[in-house]
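Trainee: Here it is, the structure, as structure tokens.
The values are calculated or read from the model by the stated rules, or taken from the named source; none is laboratory data. Computed from a predicted model, the values in this text were never measured in an experiment. Backbone-built Cβ (ideal geometry, glycine too); neighbour counts: all protein chains shown. The protein model used for the area step is the full one, side chains on, heavy atoms only, and it has no ligands, DNA or RNA in it. Shrake-Rupley method; radii C 1.70, N 1.55, O 1.52, S 1.80 Å.
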Amino acid sequence: MRRLLGLILALSILAPASPVTTSAAPAAPRLVVMLVVDQMRNDYIDDYGASWAHGLRRLLSEGARFRNAAYPYFNTVTCAGHATIGTGTVPAFHGIILNQWWHREDQRERSCTDDPSAPTIPYGSGQPGGGHSATRLRVPTFAQTLDRAQGDRAHVVTMSMKARSAIMLAGGHADAVTWFENRTFATSAAFSPARVAFVQKFIGASPVERDLGKTWDRLLPLSAYKYTDEGEGEEPTKGWTRAFPHQLGAAGGEASDAFYTHWASSPFADEYLERMAEAAIDAVPLGQGTATDYLGVSFSALDSVGHKFGPRSHEVQDMLARLDVTIGRLLDHLDARVGRGKYVVALSADHGVAVIPEQLKREGIDAGRAIMNAASARAQSALVHTFGPGEYVARMDYTNLFLMPGIFERLTRQGSALEAVMKAIEGTPGVLRVIDSRVLNPNAGTSDPLVRAAALGEFRGRSGDFIVLPRTNWIWVADDGTPAPGDATTHGTGYPYDTRVPLLLLGAGVKPGMYEGAATPADIAPTLARICGVALPTASGRSLDEAIAR
């Protein structure tokens, strides 16, 4: 345990921020391209990358790789990670702690992008849910700063399968922010009063339904894949088995909900986003004017696949092999339209993922599923013992346990009762430790790596009253229903399998090479800002000057 905590501490200290000035880059790139691969572990590069020969390979062989990049906080989830990449700072400052969390003011759970004042605008006939915006983001994104620094002349375009991913890469203003929701692509009134013309044209000419009946099979020879195709504990999407191939509905049949779920969990979704990115480059156009433009693409399909099949699956390996080809096509298009050496690319991930617990247990490793409802029930029981009958627990979201209004304040006035509640929660199988939220201060030094990691991942006023940290290789699940609850595996901790992600840079202003120093995804925006000659004063990450060409 001491060795593990030492590793967490090493990964949990943000390097000091470097002042971002306008003097570093002799000529700003014409286009900044931010690529995020949802749920891509850093070790995928070394474990599965031997067969890559296209885009990912080019980033590795021609670009700069920070081999020890890692998030410094707990709560490694999609919205928090994209906000960190987009802004250059961590949840303690940008305010996005989870994908959704309990809101005390109205006693309900809301998503990180929930905004009823910004109605969703669908591009198709589907009916997306409520509105979305970046209203909960507490600092500007690099994309916003880049645009403002150039007198609002920059074009900003982002896209993903997830609203939270596209929005957190863009921020509060953009030419086009696009995501997939309830059978159709969509945007919101926060970004555009109506459908964006080039997006509408692309979707009309390239309907998702063209992939109906396609079969997803391995791209590479079977011998190129590690592990087994039918791993223990895998929970495939309904309608699929644990083994290849996987079909997307029936050719000539109806495009059912199952088809759209399959499509979003396949490499065909990544390929679609890449084609949409090409359309944006051509139509806006991006990187072909006098200002430095911004393109953000978050590839979401690996996350869907990883949750169901786990990091050791043939499906994850094949997603990466195909993504290598897909990113290669995008780089080729950028070369042709913008010009090689006239754009800069950054690639990272919002988080990693844990190995499926059942696979680790078979190897004799302590692993399992920590049940959030069990932790909540233990807290409720201890509070009843202290205060008598009543409802005291409001909600538990991942590591955050929220009490009903006023209960935590009452509890803190009774030190022994507070300790008893924390001890009760710690009795939940899979729980390592419970932290009193009052000790979390991102600006205070601490020798406790767990407290430091928790502090960087929480935001005062939004976080739970207790922060409940699972043991290594234990994953949070909602309940103990039958069959096995939730997905095959998940993420969200401060341990290396969740925090260590790729950090790759390529193109204008980048000095290629392998870099072993400490780095975090919060360093990406400050680095791009320096390359572009833009000040980013809200960043807490540092500019990776060692990889900037002089």
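Trainee: Pick from 302, 295, 286: which is open to solvent by less than 10 Å² (accessible area, probe 1.4 Å), hydrophobic (A, V, I, L, M, F, W, C), touching a residue at least 24 places away in the same chain (Cβ under 8 Å) and in a loop (DSSP other than H, G, I, E, B)? Working first, answer last.
Mentor: Details: 302 fails: in a loop (DSSP other than H, G, I, E, B); 295 fails: in a loop (DSSP other than H, G, I, E, B).
Exactly one of 302, 295, 286 is open to solvent by less than 10 Å² (accessible area, probe 1.4 Å), hydrophobic (A, V, I, L, M, F, W, C), touching a residue at least 24 places away in the same chain (Cβ under 8 Å) and in a loop (DSSP other than H, G, I, E, B), namely 286.
Trainee: Of all the helices (runs of 4 or more DSSP H) wholly in the stretch 1-72, which have at least 1 residues that are in contact with a strand residue (DSSP E or B) (Cβ under 8 Å, 6 or more places away or on another chain), open to solvent by 20 Å² or more (accessible area, probe 1.4 Å) and modelled with pLDDT of 95 or more?
Mentor: Numbers: elements: 2-11, 43-48, 55-62.
Here the list reads 43-48, 55-62.
Trainee: With respect to residue 204, determine if the residue is at negative phi, under 21 Å from the mean Cα position of the chain (by Cα) and surrounded by fewer than 17 Cβ atoms within 10 Å (Cβ to Cβ). Talk me through it step by step, then tell me what you get.
Mentor: Details: at negative phi: yes; under 21 Å from the mean Cα position of the chain (by Cα): no; surrounded by fewer than 17 Cβ atoms within 10 Å (Cβ to Cβ): yes.
Criteria not met by residue 204.
Trainee: Can residue 131 be described as within 30 Å of residue 28 (Cα to Cα) and either open to solvent by less than 10 Å² (accessible area, probe 1.4 Å) or in contact (Cβ under 8 Å) with a residue 12 or more places away in the chain (or both)?
Mentor: Values: within 30 Å of residue 28 (Cα to Cα): no; either open to solvent by less than 10 Å² (accessible area, probe 1.4 Å) or in contact (Cβ under 8 Å) with a residue 12 or more places away in the chain (or both): yes.
Here the answer is no, as residue 131 does not meet what is asked.
Trainee: Oh, and also: Inside the stretch 155-175, can you point out the residues that are over 19 Å from residue 99 (Cβ atoms) and buried (at least 24 other Cβ atoms within 10 Å of the Cβ)?
Mentor: Answer for the stretch 155-175, where residues must be over 19 Å from residue 99 (Cβ atoms) and buried (at least 24 other Cβ atoms within 10 Å of the Cβ): 156, 157, 174.
Trainee: Still on this structure, please answer the following. Do we have residue 448 as over 24 Å from the mean Cα position of the chain (by Cα) and without any contact (Cβ under 8 Å) to a residue 24 or more places away in the chain here? Break it down into steps so the answer makes sense when it comes.
Mentor: Numbers: over 24 Å from the mean Cα position of the chain (by Cα): yes; without any contact (Cβ under 8 Å) to a residue 24 or more places away in the chain: yes.
Taking the combined requirement at face value, the residue satisfies it.
Trainee: Let me ask you something else. Within the stretch 137-144, is there a residue that is out of contact with any Ser or Thr (no Cβ under 8 Å at 6 or more places or on another chain) and either touching a residue at least 12 places away in the same chain (Cβ under 8 Å) or open to solvent by less than 30 Å² (accessible area, probe 1.4 Å) (or both)?
Mentor: Start the filter on the stretch 137-144 by keeping residues that are out of contact with any Ser or Thr (no Cβ under 8 Å at 6 or more places or on another chain), which leaves 138, 144.
Those still in the list that are either touching a residue at least 12 places away in the same chain (Cβ under 8 Å) or open to solvent by less than 30 Å² (accessible area, probe 1.4 Å) (or both) too: 138, 144.
There is at least one residue in the stretch 137-144 that is out of contact with any Ser or Thr (no Cβ under 8 Å at 6 or more places or on another chain) and either touching a residue at least 12 places away in the same chain (Cβ under 8 Å) or open to solvent by less than 30 Å² (accessible area, probe 1.4 Å) (or both).
Quick grid of which residues meet (1) at pLDDT below 95; (2) exposed (fewer than 15 other Cβ atoms within 10 Å of the Cβ); (3) under 12 Å from residue 317 (Cβ atoms); (4) not aromatic (Phe, Trp, Tyr):
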position	(1), (2), (3), (4)
196	no, no, no, yes
208	no, no, no, yes
213	yes, no, no, yes
216	no, no, no, no
230	no, yes, no, yes
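Trainee: Please find, among 172, 151, the residue that is over 17 Å from residue 111 (Cβ atoms) and not hydrophobic (A, V, I, L, M, F, W, C). It would help to see each step written out before you state the result.
Mentor: Values: 172 fails: over 17 Å from residue 111 (Cβ atoms).
Just one listed residue meets the conditions, 151.
Trainee: Only residues in the stretch 75-101 that are part of a helix (DSSP H, G or I) and open to solvent by 10 Å² or more (accessible area, probe 1.4 Å) count as the first member; pair them with residues that are of a type in the set (Asp, Glu) and at pLDDT 95 or above, Cβ under 8 angstrom, at least 6 apart or cross-chain, and list the lot.
Mentor: 92/458
Trainee: Here is a further query. Spot the failing condition for residue 532; the list is (1) buried (at least 24 other Cβ atoms within 10 Å of the Cβ); (2) more than 23 Å from residue 453 (Cα to Cα); (3) within 24 Å of the chain's Cα centre (by Cα); (4) not polar (S, T, N, Q), and only one is missed.
Mentor: (3)
Trainee: Now, a different point. Is there a residue in the stretch 493-516 that is closer than 24 Å to residue 394 by Cα, in contact (Cβ under 8 Å) with a residue 12 or more places away in the chain and crowded, with 24+ Cβ neighbours inside 10 Å?
Mentor: Within the stretch 493-516, the first condition is being closer than 24 Å to residue 394 by Cα, and the residues that meet it are 493.
Narrowing the set further to residues that are in contact (Cβ under 8 Å) with a residue 12 or more places away in the chain leaves 493.
The next check asks that each one be crowded, with 24+ Cβ neighbours inside 10 Å; those that pass are 493.
Within the stretch 493-516, one or more residues are closer than 24 Å to residue 394 by Cα, in contact (Cβ under 8 Å) with a residue 12 or more places away in the chain and crowded, with 24+ Cβ neighbours inside 10 Å.
Trainee: Do any helices (runs of 4 or more DSSP H) lying entirely in the stretch 157-272 carry at least 3 residues that are more than 18 Å from residue 125 (Cα to Cα), and which ones are they?
Mentor: 163-170
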